[in-house]
Structures are given as structure tokens and as C-alpha cells.
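To keep things clear, I will list the structure first and then write my remarks on it.
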Amino acid sequence: MTYNIKNGGRNGRTSGRLDHIASVINSVEPDVLGLQELGDLPAAGRMPELAEAVRMRAFPARSWFGQPVAILVRPPGRVAGVAPVRRPFHHAAQRVVVGTTGGPLRVLCTHLFPYSGARRLVEARWAAAACGRGPNQLTLLMGDLNTLDPWTDHRDRIRRLPPEYRSRHLRRASSTVDSRAVSALDRAGLVDLFRRAGEGEPETAPTRHGGGAEFSGMRLDYLFGTPALAARTRRCTVLRGGVADVASDHYPVIGDIDLAFG
């Protein structure tokens, strides 16, 4: 499961959404969870509080310029390695290796640059390079990629955006939708798991009651996997409704993958 929780669950100076965020996560009980936009949760020493609320172990990566990310693993999952990606992402990128019955599973969680497609492309290439892609390698890349996909006509979505937000999703000085970051992951041999096994609508932002003007019914959150992992993916969905409508400005994406901890 991947989930952008919007500024660490804060509404202004209060952390009033953390209970809602934990409720959304607990309704799914994911084995592996990627979180983006942690705000000051790690710096304030509050990651253990969230990890305890969802009964998982947390492995955060500090941000260079923006907000931290984290990967959480549910016991009895055995984490064999933790290694943040040492590149100057605007936000961050975290990696862990988890033991499974199918062999080591590499998990990478990231949050790409929101304001420029060219910078997102650079970060997407860094993320792709950090993924192992041998013929039998099990790798999951997930996160808020802040990027529209190259397989959909997005012109209506772009037109619905206020003018000040349109440039985030257009090539420089152009009306062409900038989907290069997702395209780079696809060219690197990673498989879009929603394209592979998606059910329902793929859009993740905004939520019904928690979104902002920078979104217009957009798919920005993704699960990607190596072909070996994609072959084990049974289902991919976006969780909507109930408390997920208010917990954040993004809906989480969930993948059901035929693996067990080992």
C-alpha cells in the first residue's frame, strides 16, 4: 500500500488527521506500506506513535529539501536491509529488503518533485536505477510520483486546473502533457501494477473532502514492479469512501501480491 498522508496528518498546527490516517491503514492491514509527506513526524519523534497505532515497524528516510518518506513493515516480516537512496531528491527515497517465500523483496518508496516535469524525470531515473531488475528480481517501487501517466488522454484534467497549477503537468512552454517520469520507469522495465491488474478507477487525488485546487481527478500515486513481481500481482485498487475521503488529499493504492513473509 502507498499513501500520501498530507503534511504528516497536520491541519495547520494540529495533528488532527493522524487517527483517521491510522484508521485507513488499519482497514487494509498492509504487510508493506509506503508513506509520503510525513511532515515533522520523524523529527518530532512521533513516528513510533503512528507505527504502534498501525502495528508495524517504521523505517523513515529524511528529506533533502521537502518532506520525509517511510516504509513500514508488519511483523513477522524480516527486514534484511535498509538503505535510503543517496541522491538529492526534493523529498526523499527509502529502500528496504524484506524476506519472502519467493526470495528477497526490494521495496523502494519515493515522492517525486511536484513543480517541474524535468526535475521529476531526473528523480524517476534515480529511482529506477536504485531498483534491482535481474530476471527473477522481486522489486516494488511505490509512491506519489506527481506525474500523469502516458497512456491516458489528460487534456480535460489539465483544462480543469487553475492556470497557476497547469504548468506542473505540461512540458516547458508547451501544451503537451509531461508524463516523462512514468514513461522512464516503464522504459526501465518496471510494470505499472494498476495497468496490469487494476480494478475500478485509478485516480488518487483529490479525495472527496480533503483535496485542493492543485488536483482535478488525477492519478498521481503508483505501484510499479519488476516483471517477476507483476506476475504475482493479483489485484490493484484505489481505496475510496468512508474515512479515506477525509484523512488526506490523496487516496491510497493497494496491491494484492502472491507472496508471504519468509
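The values are calculated or read from the model by the stated rules, or taken from the named source; none is laboratory data. Not measured: the values here are computed from a predicted model. Every residue, glycine as well, gets a Cβ built from its backbone with ideal geometry; the counts of neighbours run over all protein chains shown. Just the protein is used for accessible areas: all its heavy atoms, side chains included, with ligands, DNA and RNA removed. Shrake-Rupley method; radii C 1.70, N 1.55, O 1.52, S 1.80 Å.
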Under 5 Å between amide hydrogens, which residues at least 5 positions from Val69 or on another chain qualify, with H placed 1.01 Å from N in the peptide plane? Ala61
In segment 30-169 the accessible area split gives carbon plus sulfur, as whole percent at 1.4 Å, a share of 51
Just from the alpha-carbon atoms, what are the Rg and Dmax of segment 169-262 in angstroms? 15.1, 51
Nonlocal amide H pairs with Leu140, under 5 Å, H built at 1.01 Å: Arg106, Val107, Leu108
Length-normalised contact order of the chain, Cα under 8 Å, at least 6 apart, in percent, tallies to 20
Considering only the other residues whose Cβ falls under 12 Å of the Cβ of Gly77, what net charge follows from Lys and Arg at +1 and Asp and Glu at -1? +3
For the chain, with only Lys/Arg (+1) and Asp/Glu (-1) charged at the beta-carbon, what is the dipole magnitude about the Cα centre, in debye rounded to 20? 720
Accessible solvent surface per residue of the chain, calculated while the other protein chains remain in place, 1.4 angstrom probe, Å²: 43
Assign unit charges at the C-beta atoms only (+1 for Lys and Arg, -1 for Asp and Glu), then state the dipole size of segment 50-127 relative to its Cα centre in Debye, rounded to the nearest 20. 140
Report, as a whole number in µm² per second, the diffusion coefficient that Stokes-Einstein gives for segment 1-125 at 25 °C and 0.890 mPa s using the Kirkwood radius over alpha carbon pairs. 165
Exposure rank, largest accessible area first [Arg55, Arg195; 1.4 Å]: Arg195, Arg55
How big is segment 85-217 by the Kirkwood estimate over distinct Cα pairs, in Å? 16.0
Mind ranking Phe65, Phe224 by accessible surface for me, highest first, 1.4 Å probe? Phe65, Phe224
Mean shadow area of segment 2-42, taken as a quarter of the surface of its Cα convex hull (nm²): 2.8
Which of the chymotrypsin sites (Phe, Trp or Tyr not before Pro) found in segment 127-206 are in a DSSP loop and have at most 13 neighbouring Cβ atoms, other than their own, within 10 Å? Trp151
Sorted by chain and then number, the residues having a modelled amide H within less than 5 Å of the amide H of Leu223, at least 5 places away or on another chain, are Leu193, Phe194
Which value, in Å to one decimal place, does the Kirkwood hydrodynamic radius take for the chain when every pair of different Cα atoms is included? 18.2
Quick one: 3J(HN,Hα) in Hz for segment 216-227, Karplus 6.51/-1.76/1.60 with θ = phi - 60°, rounded, Gly and Pro as x. 8, x, 10, 8, 10, 10, 9, 10, 10, x, 5, x
Positive minus negative residues near Arg159 (Lys, Arg vs Asp, Glu; Cβ under 13 Å): +2
Putting +1 on Lys and Arg Cβ atoms and -1 on Asp and Glu Cβ atoms, find which of Gln36, Ser174, Val243 reaches farthest to the positive end of the dipole of the chain. Ser174
